[in-house]
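Some notes on the structure that comes next.
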Amino acid sequence: MIIQAESPVLEIHDMTVSYDQSPVLWNIDFTLPSGQLIGILGPNGAGKSTLIKAIMGLVNPTGGYVKVFDKPLEEVRSRISYVPQRESVDWNFPASVLDVVMMGTYGKLGLFKRPGKREKEVALASLDQVGMSAFINRQISELSGGQQQRVFIARALAQDADLYLMDEPFAGVDIATEAAIFELLKKMALEGKTVVVVHHDIYSAMTYFDWMIMLNLHLVASGPKNQVVTEELLRKTYGGKLNLLSKVSELVRKQDFNPLEH
Amino acid sequence: MSFDQNAFLIILTGSLIAISCGLLGVFMMLRKMAMTGDAISHAVLPGIVIGFFVAGSQRGLEVIIGAGILGIIATLIIDWLRKKARVQLDASIGITFTLLFAIGIILINLFAYNVDLDQECVLYGEIAYLPIDLWVTGSGTILGPRITYLAVLNFTLVAGFIYFFFKELTLTSFDESFGSVMGIPSKGINLALMSMVSYTTVSSFEAVGAILVVALLVVPPATAFLWTKNLMPLIKLTTILGIGISILGYYLAYLFDSSIAGMMVTVAGVLFLLSALIKGRSSKSAGTSMANI
Ligand SMILES: Nc1ncnc2c1ncn2[C@@H]1O[C@H](COP(=O)(O)OP(=O)(O)O)[C@@H](O)[C@H]1O
Ligand SMILES: [Mg+2]
């Protein structure tokens, strides 16, 4: 079930992405509304990371196109922000927490300009938002997984974009921090920013997201959470994983009688 | 001890070369490309020979251009083998540099008999002859040792490159895809870095030789990384190591009557081993640094 958004911030048209000739995403076609918290759900290897990378031009689609803010990607790069999966970098890199978050400001800074006072203030404010103010001078190699994740989120905030793409930002983050960061993302969405999050937990996904994309090599569903999260579509997304599905039916049932959303 | 001008010039030149190599080496190490630096410094050999053949002299601009082009070709071949042919990185590097190096050796043997290219010099360098290799202008004015001028120029360009592209180099070393998303030309920065490494290799080969350049690219940054986990101190320490290695290398070579470049690298190696013994146990990164050598 694909529900199209009105005046979308992101439009993907019939996109196919392949690695070494074998496609991992088939005919993806959807639009996303602005000012919403959007979740991407799907099992491991479903192509969630690939989808995000294709949106940002890190992998090239073999077919179809992506339009962001109704423009080709190259024209709107400064309005897009990215939180990669934590494992994609080496945390032994010699840098402090502040150094890494400052990197978020480099895009707007341009060539040859050095980050100064203003950039530092932006970075400090971003660290404050994710509750990492106490760690500014800490070496990134000395952080826990959850703290590294928060540093990455702060770096994305420092970019001050309009569209945020986050790849499993809650992996290894404790529940209290997850809730606090979701509140932050919600606030950003209320301010008109669009936040797209790859997420692994269906339960918290039901609580926090407004809009849901369900993916398993093909696009299974895209639309407002209440319309697309059905037992049938979850089954289609996750296949026949029984243990999971019994929990899911329970979840869907609960939602009918006692909606989870506040 | 009275002021020895020759000693001063040799140490100054050695320091400049060691610092240029070390500064680039820091970023090669952070990109896990220490071995690529190794490959480039070997792969430039055919470029040097071809440039030499075209220019008819070891000093021509053609030599530097030839080496620069070969350095970039080597990087591109390694990248292509890894990404498109799916050969593992260490194997791609091994194949590329041994092949290009072998071509270089064959070219030397083919051409060297009718041109004055000193194979020993290309491979091992001889910084000790620096004071008698003077730069003389057309009108006969003696300006000083030619290799010192080359080293000063090289150092200026390397330092300028790192100064002006510091934030781009740092960002793309840490997280290349994040840089690309922000519109920072990661590929261009990478190629620029490789070109600087090629150029530095050629510029330094007469003094310390193509092989020993590798040691200066790899060992001082790896040693410094054992002592600090901060980028600025890492760069400063690498610089200080470069100077220390030159001074110690010169006087030890004098003492033992051996090759200065060889002694510089020996000193670098001993300093690394000592650092590894002292810090190795407490540092996780020591493993990766050593694995890169
Ligand atoms: N660089 C790559 N080269 C080849 N195959 C890849 C590459 N990256 C991902 N894949 C494959 O593409 C599929 C989708 O991967 P990915 O997008 O990372 O899934 P997810 O993020 O949903 O777990 C997987 O089968 C994975 O093995
Ligand atoms: Mg993934």
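In the set B:I19, B:I40, which member is closer than 20 Å to B:N154 by Cβ, away from chain A (no Cβ under 14 Å), open to solvent by 10 Å² or more (accessible area, probe 1.4 Å) and touching a helix residue (DSSP H, G or I) at 6+ places or on another chain (Cβ under 7 Å)? Criteria check complete, one pass: B:I19. Open to solvent by less than 20 Å² (accessible area, probe 1.4 Å), in contact with an Asp or Glu (Cβ under 8 Å, 6 or more places away or on another chain), within 16 Å of ligand 2 (Cβ to nearest atom) and within 24 Å of A:S49 (Cβ to Cβ) - does that describe any residue in the stretch A:166-176? Yes, that holds for at least one residue.
Which residue out of B:Y199, B:Y251 is among the hydroxyl-bearing types (S, T, Y), closer than 14 Å to B:C21 by Cα and open to solvent by 30 Å² or more (accessible area, probe 1.4 Å)?
B:Y199
Tell me, which residue of the stretch A:1-50 that is within 13 Å of ligand 2 (Cβ to nearest atom) and of a type in the set (V, I, T) is nearest to A:I213 (Cα to Cα)?
Kept after step one, since they are within 13 Å of ligand 2 (Cβ to nearest atom), are these residues of the stretch A:1-50: A:24-25, A:40-50.
Remaining after also requiring of a type in the set (V, I, T): A:24, A:40, A:50.
Values: A:V24: 16, A:I40: 5, A:T50: 14 Å.
The selected residue is A:I40.
Note on the stretch B:210-250: residues that are in contact (Cβ under 8 Å) with a residue 60 or more places away in the chain and away from chain A (no Cβ under 14 Å) total 19. Residue count for the stretch A:167-205, restricted to those that are within 14 Å of ligand 1 (Cβ to nearest atom) and not in a loop (DSSP other than H, G, I, E, B): 4.
Of the listed requirements (1) within 14 Å of another protein chain (Cβ to nearest Cβ); (2) within 22 Å of A:K186 (Cβ to Cβ); (3) not polar (S, T, N, Q), A:K48 misses just one: (1). Of the residues A:Y208, A:Y203, the single one that is surrounded by 17 or more Cβ atoms within 10 Å (Cβ to Cβ) and at pLDDT below 95 is A:Y208. A:S78 falls short on exactly one of the conditions (1) within 8 Å of another protein chain (Cβ to nearest Cβ); (2) within 18 Å of A:E142 (Cα to Cα); (3) open to solvent by 10 Å² or more (accessible area, probe 1.4 Å), and that condition is (2).
Of everything in the stretch B:43-64, what is open to solvent by 10 Å² or more (accessible area, probe 1.4 Å) and more than 16 Å from the chain's Cα centre (by Cα)? Give them in sequence order. Full working, then the answer.
So in the stretch B:43-64, the residues open to solvent by 10 Å² or more (accessible area, probe 1.4 Å) come out as B:50, B:53-62, B:64.
Once the filter is applied, which keeps residues that are open to solvent by 10 Å² or more (accessible area, probe 1.4 Å) and more than 16 Å from the chain's Cα centre (by Cα), the stretch B:43-64 yields B:I50, B:F53, B:V54, B:A55, B:G56, B:S57, B:Q58, B:R59, B:G60, B:L61, B:E62.
Among the conditions (1) in contact with a Ser or Thr (Cβ under 9 Å, 6 or more places away or on another chain); (2) open to solvent by less than 30 Å² (accessible area, probe 1.4 Å), A:L73 misses just one, which is (1). Does A:G223 meet the test of being assigned to a strand (DSSP E or B), modelled with pLDDT of 90 or more and away from ligand 1 (no atom under 16 Å from the Cβ)? Yes: the conditions hold for A:G223.
Applying the set (1) open to solvent by less than 30 Å² (accessible area, probe 1.4 Å); (2) closer than 30 Å to A:G116 by Cα; (3) more than 16 Å from ligand 2 (Cβ to nearest atom) to A:A180 leaves exactly one unmet item: (1).
Could we say that A:G116 is within 12 Å of chain B (Cβ to nearest Cβ) and open to solvent by less than 40 Å² (accessible area, probe 1.4 Å) here? Considered against the rule, which asks whether it is within 12 Å of chain B (Cβ to nearest Cβ) and open to solvent by less than 40 Å² (accessible area, probe 1.4 Å), A:G116 comes out as yes. Has the stretch A:119-136 got any residue that is within 27 Å of A:E11 (Cα to Cα), among the charged types (D, E, K, R) and surrounded by fewer than 16 Cβ atoms within 10 Å (Cβ to Cβ)? For the stretch A:119-136, residues within 27 Å of A:E11 (Cα to Cα), among the charged types (D, E, K, R) and surrounded by fewer than 16 Cβ atoms within 10 Å (Cβ to Cβ): absent. Quick check: anything in the stretch A:83-91 open to solvent by less than 40 Å² (accessible area, probe 1.4 Å), within 16 Å of ligand 2 (Cβ to nearest atom), within 14 Å of another protein chain (Cβ to nearest Cβ) and free of Cβ contacts under 8 Å to residues at least 12 places away in the same chain? The answer is yes; a qualifying residue exists. Please determine whether any residue of the stretch A:8-27 is of a type in the set (F, W, Y) and within 13 Å of ligand 1 (Cβ to nearest atom). Yes; the residues of the stretch A:8-27 include at least one that is of a type in the set (F, W, Y) and within 13 Å of ligand 1 (Cβ to nearest atom).
Selection of the stretch A:43-82 for residues being without any contact (Cβ under 8 Å) to a residue 60 or more places away in the chain and within 16 Å of ligand 1 (Cβ to nearest atom) yields A:N44, A:G45, A:T50, A:K53, A:A54, A:G57, A:L58, A:V59, A:N60, A:P61, A:T62, A:V66.
Within the group B:F161, B:F155, B:F205, which residue is in a helix (DSSP H, G or I), open to solvent by less than 10 Å² (accessible area, probe 1.4 Å), in contact with a helix residue (DSSP H, G or I) (Cβ under 7 Å, 6 or more places away or on another chain) and more than 10 Å from every other protein chain (Cβ to nearest Cβ)?
Only one candidate qualifies: B:F205.
Evaluation of A:S88 against the conditions (1) within 16 Å of ligand 1 (Cβ to nearest atom); (2) in contact with a helix residue (DSSP H, G or I) (Cβ under 6 Å, 6 or more places away or on another chain); (3) farther than 30 Å from A:A5 by Cα shows that the sole unmet condition is (2).
Do you know which residues across the stretch A:51-62 are open to solvent by 20 Å² or more (accessible area, probe 1.4 Å), farther than 23 Å from B:P185 by Cβ and either within 10 Å of another protein chain (Cβ to nearest Cβ) or of a type outside the set (V, I, T) (or both)? Break it down stepwise before answering.
We begin by selecting, within the stretch A:51-62, every residue open to solvent by 20 Å² or more (accessible area, probe 1.4 Å); these are A:53, A:57-62.
Cutting the leftovers down to farther than 23 Å from B:P185 by Cβ gives us A:62.
Correct list: empty.
The values are calculated or read from the model by the stated rules, or taken from the named source; none is laboratory data. Everything numeric here is computed off the predicted structure, so don't read it as measured data. Cβ atoms come from the backbone with ideal geometry, glycine included; neighbour counts cover every protein chain shown. Surface areas here come from the heavy atoms of the whole protein model, side chains and all, with no ligands, DNA or RNA. Shrake-Rupley method; radii C 1.70, N 1.55, O 1.52, S 1.80 Å.
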